[in-house]
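Comments concern the structure below.
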Ligand SMILES: [Mg+2]
């Protein structure tokens, strides 16, 4: 039987990008300090120093390689998911960050093979049964096309979480059990 495909985002889903970008922003632009809680919109340009463009904020060489794991459970849960599901890592990347992201995966979750690593911004074009992501622009189209989703809650998706009925996971603890349940329910219904 074909295994269900589980697509998992990287940034702010299995590692902390925004918190690390804020850390460097606050060192380099102390007149425009940011806090994680301020990041209530997907586009946070208006909060930053005019010189702190998207390229500056997210473009620090090596940034994507040094990101911290989302929490103490994420590696083990991904390992468990990888054993029973068709797990793919789907992440939007710039050409310059593809290698950094692959290196990060090799360092923290080496059981993910190159066949499971997909860099892609238009995630709605992909076939998957369940998407785990923090981006409303990815989650809502997936939800509306009838796929299962799990949202990793952050200030920038709080509004959508209130508006849509989206399951959320603020920790990766028991993620495999939660996902099993969501997919079993979906299988019973279809
Ligand atoms: Mg993300």
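The values are calculated or read from the model by the stated rules, or taken from the named source; none is laboratory data. None of these values were measured; they are calculated from a predicted model. All Cβ positions, even for glycine, are placed from backbone atoms using ideal geometry, and neighbour counts span all protein chains on display.
Side notes on the structure shown:
Here is a yes/no grid of residues against (1) closer than 15 Å to residue 119 by Cβ; (2) within 14 Å of the ligand (Cβ to nearest atom):
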residue	(1), (2)
55	no, no
66	no, no
74	no, yes
78	no, no
82	no, no
93	yes, yes
96	yes, no
102	yes, no
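- Index of the failed condition, residue 177 passing every other in (1) at pLDDT below 95; (2) over 19 Å from residue 128 (Cβ atoms); (3) assigned to a helix (DSSP H, G or I): (1)
- Highlighted here are the helices (runs of 4 or more DSSP H) found entirely within the range 77-168 that include at least 1 residues which are under 16 Å from residue 4 (Cα atoms): 136-144.
- Filter result (buried (at least 19 other Cβ atoms within 10 Å of the Cβ), within 15 Å of the chain's Cα centre (by Cα) and more than 14 Å from the ligand (Cβ to nearest atom)) within the range 110-127: none
- Yes/no for residue 67 being buried (at least 17 other Cβ atoms within 10 Å of the Cβ), part of a helix (DSSP H, G or I) and touching a strand residue (DSSP E or B) at 6+ places or on another chain (Cβ under 6 Å): no
- Counted residues, the range 18-47 - those being touching a residue at least 12 places away in the same chain (Cβ under 8 Å) and either part of a helix (DSSP H, G or I) or surrounded by fewer than 18 Cβ atoms within 10 Å (Cβ to Cβ) (or both): 19
- Residue that is surrounded by the fewest Cβ atoms within 10 Å (Cβ to Cβ) [pool: residues in the range 1-17 that are in a strand (DSSP E or B) and away from the ligand (no atom under 15 Å from the Cβ)]: 5
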